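Note sheet for the following structure.
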Amino acid sequence: MRALGVEFKYVGENKLDYLVEVESEEIVRSLKPDIQSIAQLPVRGVIVTSKSNSNKYDFVSRFFSPSQGIIEDYVNGSSHCCLGLYWKNKLHKTDYLV
């Protein structure tokens with residue numbers, strides 16, 4: 001996915017969005033996506049996530065949905081519904097620190 005400009009570990013799709021896992025929290029936090037390219041994708045938005053480096057959190061994420069007029073939604077509930085199941089399977093947990 002060139003719109004993100006980074007290497008990724010995993011790319012998947014749910015009913016609404018692409019889910020992209022990257023290697024590190026630093027990549028998620030420093031990401032400077034090509035918003036115009038994301039707006040052209042055939043999905044509502046793009047969820048970018050990684051396992052957290054901190055003991056405070058299990059994972060981190062960002063959500064971009066420019067096709068809906070939302071460059072970045074910092075607290076997107078539907079993306080966290082997707083992320084909960086995704087990280088449950090990877091971390092074998094049902095309670096998270098986010």
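Numbers for the structure displayed
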| read-out | value |
| --- | --- |
| ARG44 of a type in the set (Lys, Arg), under 13 Å from LEU16 (Cβ atoms) and under 14 Å from the mean Cα position of the chain (by Cα) | yes |
| Cross-chain or 6+ apart pairs with Cβ under 7 Å, the stretch 80-92 first and more than 13 Å from GLU21 (Cα to Cα), then acidic (Asp, Glu) | LEU91/ASP58 |
| Meets criteria (more than 15 Å from GLU13 (Cα to Cα) and at pLDDT 95 or above) for VAL28 | yes |
| Given (1) charged (D, E, K, R); (2) modelled with pLDDT under 95; (3) within 11 Å of the chain's Cα centre (by Cα), index of the condition ARG62 fails | (2) |
| Output for the stretch 2-55, where each listed residue is under 14 Å from ILE71 (Cβ atoms), part of a helix (DSSP H, G or I) and among the small types (Gly, Ala, Ser) | SER37, ALA39 |
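The values are calculated or read from the model by the stated rules, or taken from the named source; none is laboratory data. Predicted, not measured: the structure shown is a model, and the values here were computed from it. Methodologically, a virtual Cβ is constructed for each residue, glycine included, from the backbone with ideal geometry; neighbour enumeration extends over all protein chains shown.
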